[in-house]
Structures are given as C-alpha cells and as structure tokens.
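Visitor: One structure, pasted below without further comment.
The values are calculated or read from the model by the stated rules, or taken from the named source; none is laboratory data. Everything numeric in this text was worked out from a predicted model, so none of it was measured. Here the Cβ positions follow ideal geometry from the backbone for every residue, glycine too, while neighbour counts run over all protein chains shown. Only protein heavy atoms, including side chains, enter the accessible area calculation; ligands, DNA and RNA are left aside. Shrake-Rupley method; radii C 1.70, N 1.55, O 1.52, S 1.80 Å.
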Amino acid sequence: MINFRGFVSAILLSLYILSATPSNASEITDSFMEARQMSNILKMKSIIKENKEKIPEEVNVLMEEALNPETPKEEREWRLLLAELIARTYQEVTRDANLLKGVKRKAFNTKLTPAVISSATEGLHIVEIPKPDENTKNIFKPDNTIIKKGETVKWVNNDSVEHKFAAVAAISEGSFDSKTVEPENSFEFKFENPGEYFYICFIHQSMIGKIIVEE
Ligand SMILES: [Cu+2]
C-alpha cells in the first residue's frame, strides 16, 4: 500500500531542495544542503570531515557569490546563511574558528557604509546617534570609521530614546560595553589595541557600527 501523504511530502521536499540550491553549487555544497534539509546533523558533519581541505575554498566561493551585487537579493541572503552554516559545522568538526569568524565579519561588513577616515575633534572622534528623520532611525553616524591606536571615540546620543551597544566578542579585537546611554548622554572608549571592532545595539538589532583601529 503506497503512503500517499509520505509520497507527496517527499516530492515537495526534493522540489524545495532543487529550488533552494544555487544552480552552480558544488557537489559538496549540494550534499551538505540535502543533509541539512533532512536535519541529518551527523551527515552534515561527516560531509565536512571528509572534505575538510576543500571547505574554506567552498565557503569563499559561496561568500563571493553572496557579496556579488549581480546575484539576486534573496539568493545573496541564502548563500550567506549557507556559508555561515557550513563554517559553523566546520568549526564544530575541526575546532578552527577562523573560517566562521571570517564569514561573520564579511556578512557584517555588507551592512555597513564604506569606511571613512575620521578626523578627531578636540582629541575625540564623535559618533552621533541622531534623531530619526523620514528615512533613517536608530543609526550610528558615521557607522564605519578608521581611527588611530590610542584615540578615543565618543558616542553622543542625540536621539530621544536610550541605546545600549557593545562590541561583538566573537569577531572583534577587544570588547567595550556602553551600558544604557540615555538621551543627551554619551559614552567614551579609548582604543589601545589595533584591529576591528564590530558593535551592535542590544535594543535595536539592526543598529550596527564598526571602528577600525590602525597602528
Ligand atoms: Cu539603539
């Protein structure tokens, strides 16, 4: 006796896999995707284990496609998620966190405006949190700045609501935590170590920024 419901869902699942898999995905990515669709975590891990040497390149290709402006938007997001999932599984299998770190940093970078060299005012670099206007709200301005080692950034809350932001530990060179910054208040941090500091507001998840500290 054929189980009709089971048959239909198997067909639907394979259609889903076909439509969701990038047309030029490699065999490794394809089989990883299939294992993911089946929620077969053991299989996902074994695919990564068997192809350990090829995975960083595999992830790089996915990231390049994800960051290519000519790739359609949903496909970009989808590839980014897949790259992150493969890199996370790679970390679980190899204990090497660098691949995942790279993916997360690149994904974060895509949401920022291009980095600008910030000029200090009275010894401080100012990042403003402006009042909302018709186009924007809950932003850091500028959201991506380059400063020099030993310099200080002052975040000034000119908004009418509070914000609370901190460096994302997994991908940043070091940490800072503003705690709650009330309207008309500010937070200062002196950057002693060169590197990249990615930060987010805990109250507004899309509110992000980055400070690049140069030698
Ligand atoms: Cu906020």
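Visitor: Give segment 186-204 a look and list any residue that's buried (at least 17 other Cβ atoms within 10 Å of the Cβ), within 16 Å of the ligand (Cβ to nearest atom) and free of Cβ contacts under 8 Å to residues at least 60 places away in the same chain, or say none.
Guide: Once the filter is applied, which keeps residues that are buried (at least 17 other Cβ atoms within 10 Å of the Cβ), within 16 Å of the ligand (Cβ to nearest atom) and free of Cβ contacts under 8 Å to residues at least 60 places away in the same chain, segment 186-204 yields Ser186, Phe187, Tyr199, Ile200.
Visitor: Further, regarding this structure: Would segment 131-140 turn up any residue that is part of a loop (DSSP other than H, G, I, E, B), among the polar types (S, T, N, Q) and open to solvent by less than 20 Å² (accessible area, probe 1.4 Å)?
Guide: No, segment 131-140 contains no residue that is part of a loop (DSSP other than H, G, I, E, B), among the polar types (S, T, N, Q) and open to solvent by less than 20 Å² (accessible area, probe 1.4 Å).
Visitor: Which of (1) in the same structural domain as Val161 (by TED's automatic domain parsing); (2) more than 16 Å from the ligand (Cβ to nearest atom); (3) of a type outside the set (D, E, K, R) does Ile129 not meet, given it meets every other one?
Guide: Of the numbered conditions (1) in the same structural domain as Val161 (by TED's automatic domain parsing); (2) more than 16 Å from the ligand (Cβ to nearest atom); (3) of a type outside the set (D, E, K, R), the odd one out for Ile129 is (2).
Visitor: Kindly indicate which of Lys101, Lys106, Lys45, Lys73 is over 30 Å from Ser186 (Cβ atoms), in contact with a Ser or Thr (Cβ under 9 Å, 6 or more places away or on another chain) and in the same structural domain as Ile28 (by TED's automatic domain parsing).
Guide: Checking each option against the conditions leaves just Lys45.
So that you can scan it fast, the table gives a plain yes or no per residue for (1) open to solvent by less than 60 Å² (accessible area, probe 1.4 Å); (2) part of a helix (DSSP H, G or I); (3) closer than 24 Å to Leu112 by Cβ; (4) in contact (Cβ under 8 Å) with a residue 12 or more places away in the chain:
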| site | (1), (2), (3), (4) |
| --- | --- |
| Ser46 | yes, yes, no, no |
| Lys54 | no, yes, no, yes |
| Val59 | yes, yes, yes, yes |
| Met63 | yes, yes, yes, yes |
| Glu70 | no, no, yes, no |
| Leu82 | yes, yes, yes, yes |
| Ile86 | yes, yes, yes, yes |
| Asp96 | yes, no, no, no |
